[in-house]
Amino acid sequence: MLIQALSRNDRRRFSIVTKEAVRVKELAFQYPDTEEKTLKDINFTLRYGEILGVVGPTGAGKSTLAMCLNGLIPEVIEGELEGEVYIKEENIQDFSVADVSEYVGFVFQEPENQLSQMTIEEEIAFGMGNLGVSRSEMEVRIKDALAQVGLTGYEKRSPLALSGGQQQRLAIASVLAMRPSIMIMDEPTSMLDPKGKNEVYDVLQNLKGYDMTGIIIDHEVERIATYCDKILVLNEGEVQAFGTPEEVFTQIELLHQFQLNAPQVTEFLYRYNQEYQQDVKLSTTVKEAVATFESEYTGKV
């Protein structure tokens, strides 16, 4: 089974022992009545506690990949699937979507599509009720989930009274309360202002403290470079790059081939090197860039 009998503490110990949280092997998928595969020979692995950022142009196959990882493809969304997806070293094709949902949480682009209850605590309890969680355990999990997303004290408020960033954090809390091992977010910040975007990414970063693995699909390369441990670049259903933010985002010319950009500071350093025939190390954050310049030029001016 998919480790369903384990308690929370047992699951935490299991996650520490198990090296691979996610393994995707030779994954390919083609929708019905289409001539081309949407995904082609996808391979990557994630360890527990790692956060993966998935980037790529429109139509690259990012959302399709997400639905393969949570079991919606091929059980709910039909098509021709090849290859394998392992969660906790178990092939998810051996389980139903309901079983997989206990271990893979999914947060959508528009939070209001996930919110349906009158109060915040009822919203968080809704998913747990479908899992048969007891009322006493629900109360513990509601408190824990709200603390994780910074909404403690909001239990009796209406979800409709929240800001966009708060609604997205509530949607995340509703998933967290079901205690998944993997959290997938499909463009969760596209409808949010900068403050709301930072709130979502702060929650994503906090997943590490719970031995959880995060996968976020987004166009926010600045934040992805700062918060994510690994980056996967998709184009026309194929992996073009996979590695750390530094390994991926310093491949400026490769990214530009697919109409993608690196973080602004990386792009600036690239142009600086090109224009002034320099060889300054490309950094993906302002902090790293400042440290590089200080090391390179201190005492030279």
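Assigned to a loop (DSSP other than H, G, I, E, B), within 13 Å of residue 117 (Cα to Cα) and either at pLDDT 90 or above or not aromatic (Phe, Trp, Tyr) (or both), is that true of residue 179? Against the criterion (assigned to a loop (DSSP other than H, G, I, E, B), within 13 Å of residue 117 (Cα to Cα) and either at pLDDT 90 or above or not aromatic (Phe, Trp, Tyr) (or both)), residue 179 does not qualify. When the stretch 74-108 is filtered for residues that are crowded, with 20+ Cβ neighbours inside 10 Å, modelled with pLDDT under 95 and hydrophobic (A, V, I, L, M, F, W, C), the ones remaining, listed by number, are 87, 92, 100, 104, 106, 107.
Evaluating residue 139 against the criteria (1) crowded, with 21+ Cβ neighbours inside 10 Å; (2) assigned to a helix (DSSP H, G or I); (3) not β-branched (Val, Ile, Thr) leaves one unmet condition, (1). Applying the criterion of at least 1 residues that are modelled with pLDDT of 95 or more to the helices (runs of 4 or more DSSP H) found wholly in the stretch 251-301 leaves 252-257, 264-276. Please identify the pairs in which a residue from the stretch 23-45 that is touching a residue at least 24 places away in the same chain (Cβ under 8 Å) and aromatic (Phe, Trp, Tyr) has its Cβ atom under 7 Å from the Cβ atom of a residue that is surrounded by 14 or more Cβ atoms within 10 Å (Cβ to Cβ) and in a loop (DSSP other than H, G, I, E, B), counting only partners at least 6 apart or on another chain. Here the result reads 29/37; 29/38; 29/79; 31/38; 31/79, each pair linking the stretch 23-45 to a residue that is surrounded by 14 or more Cβ atoms within 10 Å (Cβ to Cβ) and in a loop (DSSP other than H, G, I, E, B). Among the residues of the stretch 142-170, the one identified as on the phi > 0 side of the Ramachandran plot and surrounded by 14 or more Cβ atoms within 10 Å (Cβ to Cβ) is 150. Only a single criterion out of (1) within 19 Å of residue 126 (Cβ to Cβ); (2) surrounded by fewer than 20 Cβ atoms within 10 Å (Cβ to Cβ) is not satisfied by residue 202, namely (1). Filtering the stretch 238-257 to residues that are touching a residue at least 40 places away in the same chain (Cβ under 8 Å) and of a type in the set (D, E, K, R) leaves only 238.
Test residue 291 against the criterion of being surrounded by 15 or more Cβ atoms within 10 Å (Cβ to Cβ) and either free of Cβ contacts under 8 Å to residues at least 24 places away in the same chain or farther than 30 Å from residue 36 by Cβ (or both), and give yes or no. For residue 291, the condition - surrounded by 15 or more Cβ atoms within 10 Å (Cβ to Cβ) and either free of Cβ contacts under 8 Å to residues at least 24 places away in the same chain or farther than 30 Å from residue 36 by Cβ (or both) - is not met.
Sub-7 Å Cβ pairs linking a first residue in the stretch 195-220 that is closer than 25 Å to residue 260 by Cβ to a second residue that is of a type in the set (D, E, K, R) and in a strand (DSSP E or B), at least 6 apart or interchain, are 217/186, ordered by first then second residue.
Residue by residue, here is whether (1) in contact with a Ser or Thr (Cβ under 8 Å, 6 or more places away or on another chain); (2) outside any strand (DSSP E or B); (3) not basic (Lys, Arg) holds:
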position	(1), (2), (3)
24	yes, no, yes
37	no, yes, no
42	no, no, yes
53	no, no, yes
59	no, yes, yes
67	no, yes, yes
74	no, yes, yes
84	no, no, yes
93	no, yes, yes
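For the stretch 258-280, the set of residues classified as under 30 Å from residue 43 (Cα atoms) and either touching a strand residue (DSSP E or B) at 6+ places or on another chain (Cβ under 6 Å) or free of Cβ contacts under 8 Å to residues at least 12 places away in the same chain (or both) consists of 258 only.
Among the residues of the stretch 239-250, those that are buried (at least 17 other Cβ atoms within 10 Å of the Cβ) and outside any helix (DSSP H, G or I) comprise 239, 240, 241, 242, 250.
The values are calculated or read from the model by the stated rules, or taken from the named source; none is laboratory data. Nothing here was measured: the structure is a model prediction, and the numbers come from that model. Reconstructed Cβ throughout: ideal geometry from the backbone, glycine too, with neighbour counts over all protein chains shown.
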